[in-house]
Amino acid sequence: MTDTRLAALGRDEPPLLSLAQRLLSVAESGLPQMLLPGGEAFSFTMAGRKAPDGSWTLERRGTSTRYAAITALGVEFLPEDRQRAVLAGRTAQEFTGLLIESLPAVANLGDAALIAWAAAETGHPKLSDALARVEALDVEGRPQYTVEAAWVLSALAAARGTVDVERRFSAARDRLLRARIGASPLFPHATGPGLVPWYRAHVSCFADQTYPLQALARAHASDDQGGDLEALAASEACAARICELQGAGGQWWWHYDARTGGVLEGYPVYSVHQHAMAPTALFDLTDAGGSDFGAAIRKGLRWMTEVPELAEHPEHREPLILDELGATWRKVYRGDPKKAVRAARGLGTRLVPSLRLKPLDRVYRPLSVDRECRPYEFGWMLHAWQGGRI
């Protein structure tokens with residue numbers, strides 16, 4: 001099924017097939033330079049630096065275990081020779097083995113869950129070791145960030161056919177479903193109280209939607225007893241809502257009110273949401289038996305070259321895809337100090353859910369570009385467009 005998603009894109013909107021293939025080429029050329037010397041770890045980000053002649057170079061900064069695991073999840077769908085070209089001579093399974101060896105020092109649940117997910121997807125023989133680390137970090141009854149709880153469920157769903165994880169799987173699945181607030185189809189930032197201050201407990205982000213809807217779709221698909229219709233329905237409802245709220249220019253908005261299911265603050269618009277995270281989650285839902293969200297995926301992908309926020313202001317216009325550099329610039333944002341718009345709307349809507357503070361849109365316009373690129377952006381891009389099995 002490797003080319004199914006690209007083939008469908010070519011049938012539905014041929015110009016977008018060229019765009020997707022272009023982005024995939026950028027990903028494969030960009031990822032090797034994100035590896036740290038020795039080829040055993042990935043940088044946290046590549047920051048753009050402008051030279052006096054106007055050209056750009058990239059500088060590696062930091063290290064990220066989770067970004068390395070996400071990269072393995074995407075690279076796994078490439079032919080073996082191309083896996084080795086990206087991962088300094090290693091296959092995705094071999095690289096995942098390095099991550100498994102690092103697990104005793106991994107203290108973050110999300111990092112461990114992603115490594116376990118990669119171990120399951122690549123068929124690594126030490127999958128049980130990876131799952132044991134997830135279990136040790138996932139303390140029963142303790143609230144978790146929704147994104148990390150979703151990664152736990154995705155890892156367990158992927159492992160179900162290989163290892164007995166049923167008890168943990170059921171707990172992870174139920175935790176996500178219980179996290180929703182009232183009848184809202186959207187997910188909050190955490191699965192329970194205690195992790196987020198009271199005044200922004202209702203604020204959730206785009207990742208808080210895509211990863212749970214993906215995990216629940218995968219949970220449904222992993223059930224060989226007829227599926228999990230409750231999980232599928234929750235995934236479908238979340239997907240339908242974020243698609244309903246999608247911007248006119250294809251924007252996947254950033255912050256939502258988890259109580260009401262509405263948009264709280266739209267910006268930044270992140271490139272990874274447009275070309276990778278929304279597609280991989282929505283594709284997985286469709287593959288699991290959910291609705292076809294192809295129109296919304298295509299609309300979001302078009303944003304990568306149209307970028308209406310910048311197109312309307314020629315003096316700010318610049319490309320977000322840099323082919324020769326092997327990068328896509330990270331986001332378009334307001335440039336507001338200390339994320340003032342989000343903070344104001346978060347606090348204001350806590351007290352008055354319908355409050356919008358529209359004058360802020362006139363003061364802080366989304367005309368700034370964040371010139372950095374992170375490995376997970378390309379990992380999920382490969383997962384979205386080269387994948388197709390759950």
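The values are calculated or read from the model by the stated rules, or taken from the named source; none is laboratory data. Being a predicted model, the structure only gives us computed values, none of them experimental. Cβ placement follows ideal geometry from the backbone for every residue including glycine, while neighbour counts extend to all protein chains displayed. When the accessible area is computed, the model is the full protein with side chains, heavy atoms only, and any ligands, DNA or RNA have been set aside. Shrake-Rupley method; radii C 1.70, N 1.55, O 1.52, S 1.80 Å.
Listed values, structure above:
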item	result
Student exercise, region 128-214 dipole from Lys, Arg, Asp, Glu Cβ charges, in Debye to nearest 20	240 debye
Two-decimal Rg to Rh for region 184-276 - Kirkwood Rh, Cα set	1.00
Relative contact order (%) - the chain, alpha-carbon pairs under 8 angstrom, separation at least six	21 percent
Share of carbon and sulfur in the accessible heavy-atom surface of region 26-130 [1.4 Å probe, %]	48 percent
Under-5 Å amide H pairs with residue 36, H placed in peptide plane, nonlocal only	41, 42, 43
Rg and Dmax of region 56-151, Cα atoms only, in Å	14.1, 48
Value of Rg/Rh across region 19-96 [Cα atoms, Kirkwood radius]	1.00
Karplus-derived 3J(HN,Hα), 6.51/-1.76/1.60, for each residue of region 128-137, Hz, glycine and proline x	4, 5, 5, 5, 5, 5, 4, 4, 5, 8
The chain: Cα Rg divided by the 2.2 N^0.38 Å rule of thumb	0.94
Dipole of the chain, positive direction: furthest Cα of 134, 233, 206, with charges on the beta-carbon	206
Extension gain, residue 61 back to residue 98 (0.36 nm per residue minus Cα-Cα distance, nm)	11.3 nm
Whole-Hz ³J(HN,Hα) from phi, Karplus 6.51 cos²θ - 1.76 cosθ + 1.60, for region 234-245, glycine and proline x	5, 4, 4, 5, 5, 4, 4, 5, 5, 5, 4, 8
The chain - charge dipole about Cα centre, Lys and Arg +1 at Cβ, Asp and Glu -1, debye rounded to 20	1380 debye
Summed residue charge, Cβ within 13 Å of residue 191's Cβ, Lys/Arg positive, Asp/Glu negative	0
Region 48-90, Cα convex hull volume normalised per residue, Å³	106 Å³
Candidates 32, 314, 104: whichever shows maximal mean-square fluctuation once the chain is modelled as a Gaussian network with Cα springs under 10 Å	314
Cleavage-rule hits, trypsin sites (Lys or Arg not before Pro), region 98-177, DSSP coil, Cβ neighbours within 10 Å at most 13	none
Extension reserve of the residue 80-residue 230 stretch, reckoned as 0.36 nm per residue once the Cα distance is removed	50.3 nm
Residues in region 264-292 reached by a label modelled at residue 321 [backbone nitrogen below 16 Å; 7 Å Cα→Cβ]	271-277, 279
Farthest toward positive dipole pole in the chain [+1 Lys/Arg, -1 Asp/Glu at C-beta], among 19, 146, 68	146
Stokes-Einstein diffusion coefficient of region 231-274, Kirkwood radius over Cα pairs, 20 °C, 1.002 mPa s, in µm²/s	194 µm²/s
Share of alpha-carbon pairs per 10 Å distance bin for region 122-205, given as whole %	16, 47, 26, 10, 1
Distance between modelled label sites at residue 171 and residue 313, nm, 7 Å Cα→Cβ extension	4.9 nm
